[in-house]
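Chemist: To start, I am sharing the structure in question, which I have written as structure tokens.
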Amino acid sequence: MDKPRLKHSLIVVTYGIVLFLILTNLPSLHAAGLVLRRIVMPFIYGLSIAYLLNIPYRGFRDHLFAPLARKGKTAAAVVKYLSIILSYLTVTAILVILIWIIIPQLVISLTLLVQNIPYYIQAAENLISRIGKYFGQENFYEGQLDSVWPSLIRWGNSLMDNVVSNFVDYVSTVTSRIYGWIIGVAFSVYLLAGKERLLVQTTRVIRAYLAPRHADRLMTVARRANRTFTNFIAGDLFDSLLVGAICFVGLSLLGMPYPLLISVIVGVTNLIPIVGPFIGAIPGALIILTVEPIKALIFVLFILVLQQIDGNVFKPRIFGNRIGLPSIWVLLAIVVLGGLFGIPGMLLGVPVFAILYSVLREQVAARLARRGLTDEQASTRPPDSELAGTGGVGSVEVPLDKVSGIDQEIDQKPPV
């Protein structure tokens, strides 16, 4: 057996063994994946916080304290740590203000919702009764209520039993999340304070263990990743701030209740691409529903119009072609990384997939160029006539007149 065929056979056998081991150890791999996820999540939180805070950090360091940083190494070090402290204080103040705005109004809205539940039930009963009388089914509502009400009571009791029985698990999960965020905040401080030294050390390791061509390629991708993350986060924050401000002005002009609270919710959830606007519209509509149900429908229509304007006018001007990711890949990034890493995965999934998409696109272009194919040639599907025939793909059809001619020649040949 020649060496290429032997190598191919070994690769196939190795893949088969690996696939067999994976399929026979799925529960163990799933448990190991959960443990790995629990270990990695605090660092994902820290990386997300560091990238978010790097924007105000660079603003303080490169603009506000730039003259002081030029006075020597000691002054530059003071400027760095002062910029880090101000960045955390700024973001903390913003979060406190948002919570101070949201929590009281949210409590008021929930209180009104609970108080208005009897009114909503009575209105629903009257509507169903009118519909039943219109269709000649006056007793339909009472019969359906008598059959559904016990099921609702059993469902409510089962839900309460489930909450009580899993209360310890809920507390443990919340405690684990809080612990993860605390570790993430501490990790983000180290990232911001020592990012210059970390970059130098990482570059030395890459140069030491990789060939020059691979090292240059890896560092080029890393620089692109950093630029993509920074541009995406900065653009997403600006876009969400713009959407929140326009939402506040629009709701105020329409006379909606709680315009500031709802605008903050819409602006914050707008950070999540594609699905964020719809996530923000749901609590806003419920809050308005507690006060003026008719205006809840107007609010939903307003949000749909606002998101169309945002997606077709604001986002293209803010991001331009810096992301270059098709919509289907954006949705895939949100679903996959959001399912794996939660909210940070939704926020950072788009730039991660944008980097992978750009690298894959370059690799495909390079391979096509080595084969002498242009993009148009590689994208053109062969005509159906080239795929027809009984000999499989690539077989050539022989016209019937030629086939009959060949048969006649064969019949005329004398037997041997």
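The values are calculated or read from the model by the stated rules, or taken from the named source; none is laboratory data. It should be emphasised that the depicted structure is a prediction, and the values quoted were computed from it without experimental measurement. Cβ placement follows ideal geometry from the backbone for every residue including glycine, while neighbour counts extend to all protein chains displayed.
Chemist: Kindly indicate which of SER385, SER395 is part of a loop (DSSP other than H, G, I, E, B), at pLDDT below 80 and exposed (fewer than 15 other Cβ atoms within 10 Å of the Cβ).
Modeler: Just a single option satisfies the conditions, and that option is SER395.
Chemist: Could you check how many residues of the range 34-60 are more than 15 Å from LEU347 (Cα to Cα), among the polar types (S, T, N, Q) and touching a Gly at 6+ places or on another chain (Cβ under 8 Å)?
Modeler: Adding up the residues that qualify gives 0.
Chemist: So PHE43 passes all but one of these: (1) under 19 Å from TYR88 (Cβ atoms); (2) free of Cβ contacts under 8 Å to residues at least 40 places away in the same chain; (3) surrounded by 14 or more Cβ atoms within 10 Å (Cβ to Cβ). Which condition number does it fail?
Modeler: For PHE43, the exception is condition (2).
Chemist: Out of the range 1-51, which residues are under 26 Å from ILE183 (Cα atoms) and among the β-branched types (Val, Ile, Thr)?
Modeler: Hits for the range 1-51 are VAL35, ILE39, VAL40, ILE44, ILE49.
Chemist: Same structure again: Residues in the range 356-364: is at least one without any contact (Cβ under 8 Å) to a residue 60 or more places away in the chain, outside any helix (DSSP H, G or I) and exposed (fewer than 15 other Cβ atoms within 10 Å of the Cβ)?
Modeler: No, because not a single residue in the range 356-364 is without any contact (Cβ under 8 Å) to a residue 60 or more places away in the chain, outside any helix (DSSP H, G or I) and exposed (fewer than 15 other Cβ atoms within 10 Å of the Cβ).
Chemist: Kindly indicate whether LEU301 is under 14 Å from the mean Cα position of the chain (by Cα) and either in a helix (DSSP H, G or I) or farther than 30 Å from LEU289 by Cβ (or both).
Modeler: Against the criterion (under 14 Å from the mean Cα position of the chain (by Cα) and either in a helix (DSSP H, G or I) or farther than 30 Å from LEU289 by Cβ (or both)), LEU301 does not qualify.
Chemist: Suppose we filter LEU36, LEU10, LEU86, LEU95 for residues that are at pLDDT 80 or above and touching a Leu at 6+ places or on another chain (Cβ under 9 Å); which single one remains?
Modeler: Answer to the check: LEU86.
Chemist: Hey, does the range 243-256 have a residue that's touching a residue at least 40 places away in the same chain (Cβ under 8 Å), surrounded by fewer than 16 Cβ atoms within 10 Å (Cβ to Cβ), in the same structural domain as ILE298 (by TED's automatic domain parsing) and not in a helix (DSSP H, G or I)?
Modeler: yes
Chemist: Still on this model: Please go through the range 263-284 and give me each residue that is modelled with pLDDT of 85 or more and not in a helix (DSSP H, G or I), ordered by number.
Modeler: ASN270
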